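Okay, structure first, notes after.
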Amino acid sequence: MAETSPSPGRLPTLHLALSRFRTQARAAVRRNPWLGAVAGSSLLVGLLIGVTSFILQSHFSALYQDGQRLSGWQNYLRLGAPWQALLPVVLAALLAMGGALRLSGTQPEPPLSLRGGESASAGELRASLRAERRVVSRAFVFMGGLVGIVASRWLVYSVLALSGNRMAGSTWVGVSIELAFWLVAGAAFWNWNRCHRLRMESWGVYDN
């Protein structure tokens, strides 16, 4: 049977897409240098947490197999990916979804932090709304950093599972489910950030 070679136009198209993604990523980092710092920090912290959690999981699993009694937090670490850790993630996702739904039907109103309420000037109102916009944007970036940490931890367990480690392999499904929940929560925060930005722009309030 003859070997199939990639289509001549496929590789250039893929290379062009990767080049465009790199260009857009560099431009985003130049506009917001702290985004690169958050991404790099989440990667390093996630790798550190992944390695540390695996070491602790191995340690407490060995103690458990030896018949020693573990405390609540020790048993929590022994499991590697307990379902209880997903409860705050689900709550955060629901709050973000609720925020996005609320924005779809709200009318322009002064933020609670604005002193003077309806008597405030247009400039004060715009400045207060910009401050509110920055808070929502930072919340989204913070959530993205947390998702990056969980993704890095998943990467650690994936590498260990592929290398033949039985404990990492048995925990990989749970870590993958954990990452899936975090990705859903991240998507909910992204949608909330998008809805808030569009609503602010419709009121004439921009980031800069």
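Order 182-190, 64-72, 79-87 from most to least packed using the mean count of other Cβ atoms within 10 Å.
Highest to lowest by the protection proxy: 182-190, 79-87, 64-72.
Of the listed peptides 44-51, 164-171, what is their order by residue-averaged count of other C-beta atoms within 10 Å, with the highest listed first? Provide the component values of the computation, followed by the final result.
On the way: 44-51: 16.8, 164-171: 15.0.
By packing density, highest mean first, the sequence is 44-51, 164-171.
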With each label point set 7 Å from Cα along the Cα-Cβ vector, what nm distance links HIS59 and SER71? 1.3 nm
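So if we plug the beta-carbon distance of LEU48 and ARG102 into 1/(1 + (r/R0)^6) with R0 = 35 Å, what FRET efficiency do we get, rounded to 0.05?
Values: r = 37 Å, r/R0 = 1.06.
The computed FRET efficiency comes out at 0.40.
The numbers here are math on the coordinates, done by the rules we state, and not lab data. Because the structure is a prediction, the values reported are computed rather than measured. Note: ideal-geometry Cβ built from the backbone for every residue, glycine included; neighbour counts use all protein chains shown.
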